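Please read the structure below before turning to the comments.
Each reported figure results from applying straightforward, stated rules to the coordinates on display, with no laboratory input. Bear in mind that the values here come from a model prediction, so they are computed numbers and not experimental data. Positions of Cβ are backbone-derived with ideal geometry, glycine not excepted, and every protein chain shown enters the neighbour counts.
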Amino acid sequence: MTQLTTPDAALDVLGRVFGYDSFRGDQAEIIRTVVDGGDALVLMPTGGGKSLCYQVPALVREGTGVVISPLIALMQDQVDALAAVGVRAEFLNSTQDADERRRVESAFLAGEIDLLYLAPERLALESTAALFDRGTISLFAIDEAHCVSQWGHDFRPDYLRLSMLHERWPEVPRIALTATATGQTHAEIARRLQLEEARHFVASFDRPNIQYRIAAKDQPGKQLLELLRSEHPGDAGIVYCLSRASVEKTADMLVANGIPALPYHAGLPAHVRAANQSRFLREDGLVMVATIAFGMGIDKPDVRFVAHLDLPKSVEGYYQETGRAGRDGLPSTAWLAYGLQDVVQQRRMIDTSEGDLAHRRRLSAHLDAMLALCETVECRRVQLLAYFGQDSSPCGNCDTCITPPASWDGTVPSQKLLSTVVRLKRERDQAFGAGQLVDILRGKQTPRTQQHEHETLATWGIGADLSEQQWRGVVRQLLAQGLLATRGEYGILAITEASGDVLSGARAVSMRTEPEVRLRGSRRSA
Ligand code: ADP
Ligand code: ZN
């Protein structure tokens, strides 16, 4: 294929079509690689400018750039945005009727399309392959490439088929892009998409304008309201909740308190979801309360905060969700409220999840890494970047940098708690969840402690020096440190192999002093 490209063809397209005058970061090098017919694997954080990496080469090279994307709901928006700058873009997915698809197919064959967005499942159709054989393709762009990874948190089986692109059209350059990339996901993408030979571009994952904060969950609704009122009045933001019910409840609560909020979860009718999403994108100052079904591919530059009312299942998920804040580079907040109940609930979900042991282990490793981030006494950003294999130094702009958490020696309370668990098991063959254990330690009479005659236990009341809140913190941190485990549906507590060393006094337990539940200093006054 002969190219009519000059070295400046890409820069020319950038200015003429997109109205920008220079490339950012690795963009120029990535674009040159693809324009020259090479393959590229691009790991770049949200907001880093991935789209231009395939849009510019598609315009410089002859033929149509085919973009594989799982974001069917956003294809119309993407195509409209390109049409607005004069790029001939179309999409093919299951939402179209046959006539519409035929129109797009003829335009493709006539060479009248610059960029064609395609849902991955369409590659399963022989008719799609036959269509591609008859047209001219300038490149394949594989967006959200982490969807091919079973290790990751967003696996799409259809993505496994994408290795066929290379097998069937070996001469067409491919560029795979993602904003999620631990070393493990990175390697898996390269292997599954046969991109080992491609040039790999790994941008820094630091998002310096995002302030990361993780608070102890006390009254999440109140805490959220305080955050929005004191630091983000009138700002657009996203609030993530784990369940549909809590999405609805939280959205109602915000509206009742005069904050314009919309719900978004998979249980809402498609037209409601679409309407809420488009209002969020187009109007100012709306708060979207959503499950993680919301957000992938959402390009709203001025999201000022992302709040999590429940613990994300993985650091990758947390990074992606919080990454939706501050794409415009202005100061933004990533705030997470996390409590003992989150740990218990997520362990239970893992224990009762379908899937084999390896799958449960994977989920468990994801959760452990997330807990380590929550309980760290070091800079959140350093921890976060280290998770993605990137070194950095303390940022000065996260909660632990701003207010370094004190740590305290929690060995004795840990021994009290663990020995209570052991005694209950050994002397009475009983096991309980955190609530009952805390009552025993604090010597609090309840119908349940009376029923089980817990006041006759040797450890009854030996922990009256700590408040209930403090004890819950101890339990949570023991869980996070792997010194305590939960079993089954009711969050029953059990000791682990490592607990023995604590009980014998061979191992000390350092604990993070619970930050005050009151929210920390506002970013505006900081
Ligand atoms: P990503 O897909 O990596 O999340 P986008 O491709 O949506 O990021 O780009 C984020 C924003 O940055 C967009 O508004 C885009 O127009 C802008 N942008 C990207 N590259 C450049 C550039 N070279 N100059 C100016 N703005 C850019
Ligand atoms: Zn920091």
- May I ask which residue of L268, A187, G295 lies farthest towards the positive end of the charge dipole of region 141-295, with charges of +1 (Lys, Arg) and -1 (Asp, Glu) on Cβ and the Cα centre as origin? L268
- Message: Treating only the Cβ of Lys, Arg, Asp and Glu as charged (+1, +1, -1, -1), what charge dipole size does the chain show about its Cα centre? Round to the nearest 20 debye.
- Response: 1380 debye
- Of V67, V17, A365, whose Cα points farthest to the positive end of the dipole of the chain (charges on the beta-carbon: +1 Lys, Arg; -1 Asp, Glu; origin at the Cα centre)? A365
- Proxy exposure order for Y318, Y54, Y20 (fewest C-beta within 10 Å first) is Y20, Y318, Y54
- Note on the structure: Neighbour-count ranking for S332, S510, S419 (other C-beta within 10 angstrom, fewest to most) reads S510, S419, S332
- What are the semi-axes of the equivalent ellipsoid for region 330-412, taken as the square roots of 5 times the Cα gyration tensor eigenvalues, largest first, in whole Å? 27, 17, 13
- Message: Taking a ≥ b ≥ c as the square roots of the Cα gyration tensor eigenvalues, with a/c under 1.5 meaning rounded and otherwise prolate when a/b beats b/c, else oblate, which class fits region 143-264?
- Response: prolate
- Item | region 272-372, Cα convex hull volume normalised per residue, Å³ | 123 Å³
- Message: For A307, what residues show an amide H to amide H distance below 5 Å, using hydrogens built from the backbone and excluding near sequence neighbours?
- Response: I238, V239, Y240, W335
- Suppose every K and R has +1 on its Cβ and every D and E has -1 on its Cβ; what is the size of the dipole of region 422-489 about the Cα centre, in Debye to the nearest 20? 160 debye
- Item | Residue (of S499, A40, T250) at the positive-pole extreme of the chain, dipole from beta-carbon charges | S499
- What's the extension gain from R279 to T513 if we count 0.36 nm per residue and subtract their Cα-Cα distance? 80.1 nm
- Query: How large is ³J(HN,Hα), in whole Hz, for each residue of region 302-318 in order, when computed from phi with the Karplus curve 6.51 cos²θ - 1.76 cosθ + 1.60 and θ = phi - 60°, using x for Gly and Pro?
  - Reply: 9, 6, 8, 8, 10, 10, 10, 8, 9, 5, x, 7, 8, 5, 4, x, 4
- Using a basic spin-label model with each label point 7 Å from the Cα along Cα→Cβ, how many nm lie between A124 and A73? 2.1 nm
- Task: Considering only DSSP beta bridges where both residues belong to the chain, give the percentage that are antiparallel (nearest 5).
- Result: 15 percent
- Under the Karplus curve 6.51 cos²θ - 1.76 cosθ + 1.60, θ = phi - 60°, whole-Hz ³J(HN,Hα) for region 224-238, x wherever Gly or Pro sits: 5, 4, 5, 4, 5, 6, 7, 10, 9, x, x, 8, 7, x, 10
- Note on the structure: Honestly region 475-514 on the Cα gyration tensor test (a ≥ b ≥ c root eigenvalues; a/c under 1.5 rounded, otherwise a/b vs b/c for prolate or oblate) is just oblate
- Note on the structure: Residues meeting the amide H criterion for A261 (H placed from the backbone, H to H distance under 5 Å, 5 or more places apart or on another chain) are V255, V287
- Hits among lysines - C-alpha to C-alpha of K50 under 25 Å, sequence gap 8 or more where chains match: K300
- Query: Hey, what number do you get for the chain at 222 nm if only DSSP H runs of n ≥ 4 count, each worth -39500 (n - 2.57), divided across all residues, to the nearest 500?
  - Reply: -12000 deg cm²/dmol
- Item | Cα gyration tensor shape of region 221-338, rounded if a/c is under 1.5, else prolate or oblate by comparing a/b with b/c | rounded
- Message: I need the GluC sites (Glu not before Pro) found in region 89-131, filtered to DSSP loop residues with at most 16 other beta carbons within 10 Å of theirs.
- Response: E112
- Give me D for region 30-141 in µm² s⁻¹, whole number, from Stokes-Einstein with Rh from the Kirkwood sum over alpha-carbon pairs, 4 °C and 1.567 mPa s. 90 µm²/s
- Counted neighbours (other Cβ, 10 Å), sorted fewest up, put W471, W169, W335 in the order W169, W471, W335
- Links that overshoot a 28 Å alpha carbon limit, given the list K217/K425; K313/K416; K217/K313; K313/K444: K217/K425; K313/K416; K313/K444
- Task: Wrap a convex hull around the Cα atoms of the chain, take a quarter of its surface area, and give that in square nanometres.
- Result: 26.8 nm²
- Work out the FRET efficiency for R428 and S407 from their Cβ-Cβ distance, taking R0 = 35 Å, and round it to the nearest 0.05. 0.55
- Message: Under the rule of at least 5 residues apart or a separate chain, name every residue whose amide H is placed under 5 Å from the amide H of C395.
- Response: R381, V382
